Amino acid sequence: MKNILFIMLFLAGTSVFATNETENNNDQNYPQVGDVLIIGESNTYKYGHIDFPRLNMIVKRGGIASYKTVYGNEVVVKAVEEKPDGTTEVTLERRNGKKFFRNLKSVKADFNKAIESGELVFKND
């Protein structure tokens with residue numbers, strides 16, 4: 001009788017654990033390394049939550065000074081960092097391996113605010 005009770009408790013515990021694990025992995029509000037996102041259009045003339053440099057700095061480095069060149073680009077999350085204030089900062093690189101504005105390999109972004117404002121959008125596969 002004890003063996004049957006032990007087996008039933010074991011099976012119930014493992015099924016609850018497996019359910020919680022799959023729910024955490026499918027959370028769309030938390031980025032993971034390797035996620036593919038698309039850079040959306042900014043509501044203003046510049047991006048507020050993706051840390052692109054100012055246009056005059058891009059020109060000084062010999063790049064193309066237009067935010068239109070990044071709109072619609074597919075980017076890959078290369079690193080995820082939780083800040084002490086509760087924000088999530090991600091490091092983004094272009095999926096095709098090219099550089100942003102011909103001189104930036106990666107940029108950082110405040111993930112939650114960028115998703116809310118539409119500057120970053122999840123790619124639908």
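To keep it simple, each residue is scored yes or no on (1) over 11 Å from the mean Cα position of the chain (by Cα); (2) hydrophobic (A, V, I, L, M, F, W, C); (3) modelled with pLDDT of 90 or more.
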site	(1), (2), (3)
N24	yes, no, no
N73	yes, no, yes
V76	no, yes, yes
A79	no, yes, yes
P84	yes, no, yes
E89	no, no, yes
R102	yes, no, no
K108	no, no, yes
So S117, is it in contact (Cβ under 8 Å) with a residue 12 or more places away in the chain and under 14 Å from I39 (Cβ atoms) = yes
query = When both residues are 6+ apart or on different chains and their Cβ atoms are under 7 Å apart, which pairs have a first residue that lies in the range 48-65 and is part of a helix (DSSP H, G or I), and a second that is surrounded by fewer than 18 Cβ atoms within 10 Å (Cβ to Cβ)?
reply = L55/A65; I58/A65; V59/A65
ask   = Is it the case that the range 93-104 has a residue that's touching a helix residue (DSSP H, G or I) at 6+ places or on another chain (Cβ under 7 Å) and crowded, with 16+ Cβ neighbours inside 10 Å?
value = yes
ask   = Any residue at all in the range 32-41 that is more than 12 Å from the chain's Cα centre (by Cα) and modelled with pLDDT under 90?
value = yes
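The values are calculated or read from the model by the stated rules, or taken from the named source; none is laboratory data. Nothing here was measured: the structure is a model prediction, and the numbers come from that model. Please note: Cβ atoms are built from the backbone with ideal geometry, for glycine as well, and neighbour counts cover all protein chains shown.
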